[in-house]
1. Kindly check whether there is at least one residue in the stretch 14-30 that is closer than 17 Å to Tyr121 by Cβ and of a type in the set (Phe, Trp, Tyr).
2. Would you check which residues across the stretch 4-45 are open to solvent by 30 Å² or more (accessible area, probe 1.4 Å) and assigned to a loop (DSSP other than H, G, I, E, B) and list them?
3. Contact list please: Cβ distance under 7 Å, first residue in the stretch 56-73 and charged (D, E, K, R), second residue in a loop (DSSP other than H, G, I, E, B), pairs at least six apart or on different chains.
4. May I ask you to list pairs of residues, at least six apart or on different chains, whose Cβ atoms are under 6 Å apart, with the first in the stretch 18-33 being under 13 Å from Leu94 (Cα atoms) and the second being among the aromatic types (Phe, Trp, Tyr) and part of a helix (DSSP H, G or I)?
5. Out of Gly91, Gly96, Gly70, Gly87, report the one residue that is out of contact with any helix residue (DSSP H, G or I) (no Cβ under 8 Å at 6 or more places or on another chain) and of a type in the set (Gly, Ala, Ser).
6. Hey, any hits in the stretch 75-98 for a residue that's more than 21 Å from Glu119 (Cβ to Cβ), crowded, with 18+ Cβ neighbours inside 10 Å and at pLDDT 95 or above?
7. Are any of the residues in the stretch 103-117 open to solvent by 90 Å² or more (accessible area, probe 1.4 Å), among the charged types (D, E, K, R), assigned to a helix (DSSP H, G or I) and under 18 Å from Thr14 (Cβ atoms)?
8. Note down all Cβ pairs under 9 Å where the first residue falls in the stretch 109-135 and is in contact (Cβ under 8 Å) with a residue 12 or more places away in the chain and under 16 Å from Phe2 (Cα atoms), the second is surrounded by 17 or more Cβ atoms within 10 Å (Cβ to Cβ) and hydroxyl-bearing (Ser, Thr, Tyr), and they're at least six residues apart or on different chains.
Amino acid sequence: MFGIIVGTHGQFATGIVQSCEMIFGKRDNLKAVTLMPGEGPDDVVAKYEKAIEELGNPDRILFFNDLMGGSPYNAACRLVATHENYGIVAGVNLPGLIAMSAAQDIDDGTAPIEEIMQEAYEACKDGVAVSSYESLNAESDDDEL
């Protein structure tokens, strides 16, 4: 099973992991890593390394970051650059995290990290929706609020 590490600015990682577990149940292969005020990329790398160890050093790691180019992302890049089975998806959201938690449960260990990253990207993208007054009040034969 691949591991997931959510790395973000502030407590966002802790909150989104907690929300995922409220919906999906306790996750053993999911860790939150936070960048707090006064910390830098070296601190985040150390936290990532600790999280990887706590996950049991899985062969594949998906880093979910909040922002491409931010310190949590840059710290993950340092690890991904030296581990061919690690990958990063920036722009984490709850639908994507839930989908990848489900993917962990059916993972047989053969999916390459590139495939896992693509699935994570699609799940995050598909989890975004817009609703307006007009769309919520449109006549529909299929839906009722």
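1. Looking through the stretch 14-30, none of the residues is closer than 17 Å to Tyr121 by Cβ and of a type in the set (Phe, Trp, Tyr).
2. Gln11, Lys26, Asp28, Asn29, Met36, Pro37, Gly38, Glu39
3. Here the result reads Asp59/Asn85; Arg60/Phe2; Arg60/Asn85; Asp66/Val92, each pair linking the stretch 56-73 to a residue that is in a loop (DSSP other than H, G, I, E, B).
4. Once the first residue is under 13 Å from Leu94 (Cα atoms) and sits in the stretch 18-33, no partner that is among the aromatic types (Phe, Trp, Tyr) and part of a helix (DSSP H, G or I) comes close enough.
5. Gly70
6. Taking the stretch 75-98 first, the residues more than 21 Å from Glu119 (Cβ to Cβ) are 75, 78, 81-82.
Imposing the further condition that a residue be crowded, with 18+ Cβ neighbours inside 10 Å reduces the set to 75.
Then drop every residue that is not at pLDDT 95 or above, which leaves 75.
Within the stretch 75-98, one or more residues are more than 21 Å from Glu119 (Cβ to Cβ), crowded, with 18+ Cβ neighbours inside 10 Å and at pLDDT 95 or above.
7. no
8. If the second residue must be surrounded by 17 or more Cβ atoms within 10 Å (Cβ to Cβ) and hydroxyl-bearing (Ser, Thr, Tyr), the pairs left are Ile113/Tyr86.
The values are calculated or read from the model by the stated rules, or taken from the named source; none is laboratory data. Here the structure is a predicted model, which means the values were calculated and not measured. All Cβ positions, even for glycine, are placed from backbone atoms using ideal geometry, and neighbour counts span all protein chains on display. Remember, those area values only see protein heavy atoms, side chains included, never the ligands or the DNA or RNA. Shrake-Rupley method; radii C 1.70, N 1.55, O 1.52, S 1.80 Å.
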